[in-house]
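The values are calculated or read from the model by the stated rules, or taken from the named source; none is laboratory data. Note that the structure is a prediction, hence the values are computed from the model and not measured. FYI the Cβ positions are ideal-geometry reconstructions off the backbone, even for glycines, and counts take in every protein chain you see.
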Amino acid sequence: MSKRTVELELATPGVDARGEPLRVPLGVAEHPDLAAEHMLINIGPQHPATHGVLRLVVELDGETVVRVIPHLGYLHSGFEKLGEYRHYNQIIPLTDRTDYLSPMANNVGFALAAERLMGIAITPRCTVLRVIACEMSRIISHMVWLGTTSIDLGAFTPFLWAFQERERIYNLQEMWTGARLTTSVTRVGGLMADVPGDFVAGLRHFTQTFPKTLSEIDRVLTRNAVWVGRTQGVGVLTAAEATNHSLSGPMLRASGVAYDVRKDKPYLDYETYDFDVVVGEHGDVYDRYLVRLEECSQSNRILQQALDRLPDGPINIADPRVILPPKSRAMNDMEAMIYHFKQVMEGVKAPVGEAYVGIENPKGELGTYLVSDGTAKPVRWRIRPPSFINLSVLPKMAVGHLLSDLIAINASVDIVMGEVDR
Amino acid sequence: MKRVIESKEVAGQSPNYLLAKLQDLVDWAVNSSRANSLWPMPFGTACCAIEFMATAASRYDFARFGMERQAFSPRQADVLICAGRLPFKLAPVIRRIYDQMPQPKWVISMGACASTGGIFDNYAMVQGIDTIVPVDVYVPGCPPRPEGLLYGVLLLHKKIKGESLFDRVPRRDEQPLDDRGLRLPPEQIDEISEPFGNSIHQFRSA
Amino acid sequence: MNRSVDALRATFGPAIGRALESCGDTIVYVGREALRDVMAWLRDTPQQTYDYLVDITAVEYRDRERPLEVVYILRSLTRRTDLRVKVELDPQGDLTIDSVVSLWRGADWLEREVYDMFGITFRGHPDLRRILMWETYAEGHPLRKDFPLRGRFSRAEQVRQALAAQPEAHYSLEELSIAAAYEELPADMKERLRRGERGRLPDSE
């Protein structure tokens, strides 16, 4: 099987004399015979294998991909515009819906940025609980990735195993926040609620039984001839390319760049936890699979440590201007009632300034950039979307591969369209 | 099925014949077949699609209710389940997919965003897919629990079983209103898309 | 304060504007004309090595007097430091700035998004098209402060425009040039393709 790569000049001069973007259409003018050979195939936006509403326009030479042009925006929901009309705590439910596969991690990311902006230091118990939230999110996100990628490559059973593990985490999330998916677990300065009594025991039981499922999936896939044949050598990306394309997360680490936000720019006391950063060698789909699989084990390890060190104490800071008072006090005490009123009606005002906080989301580095002009609503809420930036390297990775490899490569990028399009 | 068939007992002996109206019998057979093997076309966009997948997985398993095969091609689907928010860029896509489905077809609008636009009352979001396709069952929730979606599916079963093959009213054969294909008059679209709830207070930026 | 600021001032002098710290990050303002040279210097100089572009975005303030800022967040993976570079643009003036795609390929889609949401044109970008909204989106640039939350048109009009299926809205011109059906395209569209123009929605306001 030989792969032919046809190189076409894609560059355009940019902008013409009137300032309009100038594009020179390719293909027909210079190579009339090429245009007759190649097929234009449209994959999506409604397609089971695109992992959401992604549209790929593929130029095919037989079965070989010559060019891929991704089209986004089919799930553009105007999050950043909405954020400018909401108080900081009202934005937290919006963050659930961007990367809906790991909602708690998004909540934590936004809360950290808002707290950095306001200069708030959270309590020790809140810190550990947020680490638990982040790592639970990592596990459920990687389980979705594993399940859907297996389906794309033909293995249906790991999907059911992975989703069963997700259901167990969903039980815990529901126990804590009341919601399975749209958790909104953090608030600026603390959390929405403390974990209930059964939570710690339930999570500990999960960490004890989860490695068994991981090893089952590992036994089915890792040395499976079909899996290896379809993923090794496919979609290779070198470390220099990955860095230059601003990739992050498992995509970057599988190409050999040892960058993990938890180790290199630690937040939530991650430097005090004992875990390994998984770095790949070849930068192909197989390495990304191994990185994500091993990251689940590492998350399990972090969860066990977090449960051991979970301190007692309050989850919210003691500042009544930022945290709502308990309802019983707000109904009985005048001062508490005034604080409650001001927070609900006016919102918590942030000082003038801006903050950028990046966290290690399961998909990559999720950054939240908040700019404040002193009011209770941000001037700009920018989500630095790891999936969006990771997806931009798809055209480069897919050239020269077969159409079925394109599906495998697309799956390995681990995108969630809610975050890509926001 | 109740009271469709009357059996005649003659003085303690077993019935010799059964009486039923042909229309009821045919309707019962056709509607049961349709309802009990609805093949869904999962038009999953956002978070509701994840709950849809959870409903399809082993814990809630809507294969028990007849949705054994998810039809990813609209040509082979019975019910279009729009799971998730629908931006304007995706509107022509869902309309085309709905048009490609053969009769009989139904639509379940899963979640708050598909039903009314949800929390996204802004420039990018369609305020309810019923401005674009006719909807049979609305399942509220953000996202609805799998039990909620299953309840919506059972409601659709009930609706289907109440239909009749002999009904002269054309099913789902709607003509678009103008040459750009709006299915509701513009005034009605504006009326049902008007802000309500928190949206009427949260439109000021400062 | 990040040490790069002093090095920048030493190298580029008056092209570097004010520098400040906010919430632990260093922000430095750079003049628009010097941007390409500054960015290339930041990436390639051995003591700087900002080899990783974290993000490109833009900020428009509610105060109409303040300029529009294009924000670049750069990172040096080896030295583990971040730097935020900002360029100010006059919102009533010419919203054009140089593209940094030739330095960091990751800037490709990030700049397209800034163009889509703010209307800022990036000179030298190979393919500056809208990325989140559809190509013939007629309401404007959504993240500008004068763009209302619910858009400029009525809901019925937005539905109507969304449902109007024109080939230009679904396929980019370069894609249409690949297709085998090129011969069957209408003559005026072929002419537009040859000139490199983008299509329009028929009878739009």
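Numbers at a glance
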{"read-out": "Of all residues making up the stretch C:39-67, the number that are within 11 Å of chain A (Cβ to nearest Cβ) and among the aliphatic types (A, V, I, L, M)", "value": "5"}
{"read-out": "Candidates A:V236, A:V195 - the one that is closer than 30 Å to C:W104 by Cβ, among the β-branched types (V, I, T) and in a loop (DSSP other than H, G, I, E, B)", "value": "A:V236"}
{"read-out": "Residue check for C:D127: within 10 Å of the chain's Cα centre (by Cα), acidic (D, E) and closer than 26 Å to A:V420 by Cβ", "value": "no"}
{"read-out": "Which listed residue is away from chain C (no Cβ under 14 Å), within 19 Å of B:L156 (Cα to Cα) and in a helix (DSSP H, G or I), from B:A71, B:A54, B:A63", "value": "B:A63"}
{"read-out": "Search result, residues across the stretch A:239-267 that are within 14 Å of the chain's Cα centre (by Cα) and not in a helix (DSSP H, G or I)", "value": "A:L247, A:S248, A:G249, A:D260"}
{"read-out": "Residue in the stretch C:114-136 that is buried (at least 17 other Cβ atoms within 10 Å of the Cβ), more than 8 Å from chain A (Cβ to nearest Cβ), among the small types (G, A, S) and closer than 30 Å to C:L163 by Cβ present", "value": "yes"}
{"read-out": "Which numbered condition A:R262 fails, given (1) touching a helix residue (DSSP H, G or I) at 6+ places or on another chain (Cβ under 6 Å); (2) at the interface with another protein chain (Cβ under 10 Å from one of its Cβ atoms)", "value": "(2)"}
{"read-out": "Residues located in the stretch A:203-227, provided they are without any contact (Cβ under 8 Å) to a residue 60 or more places away in the chain and surrounded by fewer than 14 Cβ atoms within 10 Å (Cβ to Cβ)", "value": "A:H205, A:Q208, A:T209, A:K212, A:S215, A:E216, A:R219, A:R223, A:A225"}
{"read-out": "Test result for A:V257, of a type in the set (V, I, T) and either touching a Lys or Arg at 6+ places or on another chain (Cβ under 6 Å) or over 16 Å from A:N410 (Cβ atoms) (or both)", "value": "yes"}
{"read-out": "Test for C:A19: is it within 23 Å of C:L128 (Cα to Cα) and more than 8 Å from every other protein chain (Cβ to nearest Cβ)", "value": "no"}
{"read-out": "Every residue from the stretch A:90-124 that is out of contact with any Ser or Thr (no Cβ under 9 Å at 6 or more places or on another chain) and small (G, A, S)", "value": "A:G119, A:A121"}
{"read-out": "Residues that are crowded, with 23+ Cβ neighbours inside 10 Å and on the phi > 0 side of the Ramachandran plot, drawn from the stretch B:64-95", "value": "B:G84"}
{"read-out": "Residue in the stretch C:97-104 that is within 19 Å of A:G367 (Cα to Cα) and modelled with pLDDT under 95 present", "value": "yes"}
{"read-out": "Some residue of the stretch C:68-80 being touching a strand residue (DSSP E or B) at 6+ places or on another chain (Cβ under 6 Å) and assigned to a helix (DSSP H, G or I)", "value": "no"}
{"read-out": "Residues (in contact with a Ser or Thr (Cβ under 9 Å, 6 or more places away or on another chain), assigned to a loop (DSSP other than H, G, I, E, B) and more than 14 Å from chain B (Cβ to nearest Cβ)) located in the stretch A:162-188", "value": "A:V185"}
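Residue by residue, here is whether (1) in a loop (DSSP other than H, G, I, E, B); (2) surrounded by 15 or more Cβ atoms within 10 Å (Cβ to Cβ) holds:
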position	(1), (2)
C:M1	yes, no
C:G13	no, no
C:V28	no, yes
C:V38	no, yes
C:R43	no, yes
C:I56	no, yes
C:D63	yes, no
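Each row is one residue, and each column tells you yes or no for (1) in contact with a Ser or Thr (Cβ under 6 Å, 6 or more places away or on another chain); (2) free of Cβ contacts under 8 Å to residues at least 60 places away in the same chain; (3) within 14 Å of chain C (Cβ to nearest Cβ).
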site: B:M41; (1), (2), (3): no, no, no
site: B:C82; (1), (2), (3): yes, yes, no
site: B:I97; (1), (2), (3): no, yes, yes
site: B:P102; (1), (2), (3): no, yes, no
